[in-house]
1. Scan around V44 for amide H atoms under 5 Å from its own, H built in the peptide plane at 1.01 Å from N, and keep only partners 5 or more places away or cross-chain.
2. Counting only residues 5 or more places away or on other chains, whose amide H sits under 5 Å from the amide H of F22 once H atoms are built in the peptide plane?
3. Whole-Hz ³J(HN,Hα) for each residue in the stretch 27-41, computed from phi via Karplus 6.51 cos²θ - 1.76 cosθ + 1.60 with θ = phi - 60°, x for glycine and proline: what do you get?
Amino acid sequence: MGIHTVPLAQALQEQGRRLVAFEPQPVIFQQLCANLALNGLMNVTAWPFACVPRRAMHLSLRAGRANKRAGKPLQRNCREVW
């Protein structure tokens, strides 16, 4: 949705800086991207992943339950994004 991301991105945009946002829940990720577009915030890179300190198994969040998808690791961890 962007409750923290939008105001922070607005403040950083005034300074000419960028922001990286992570949101693993698909519906909320879509809402976040829509809010970024509606607010004209082009200084944000949004990723549909959880940010974890190490490689972890991908968790699919559906109907409030976490379901492991065996053998499918996250594509990136935080350090790889930077």
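Every number here is computed from the coordinates shown, using simple stated rules; none is lab data. The model shown is predicted, which means the values in this text are computed figures rather than measured ones.
1. For V44, the qualifying residues are L19.
2. W47
3. Residue by residue, the stretch 27-41 yields 5, 5, 4, 4, 5, 4, 4, 5, 5, 5, 5, 4, 8, x, 8 Hz.
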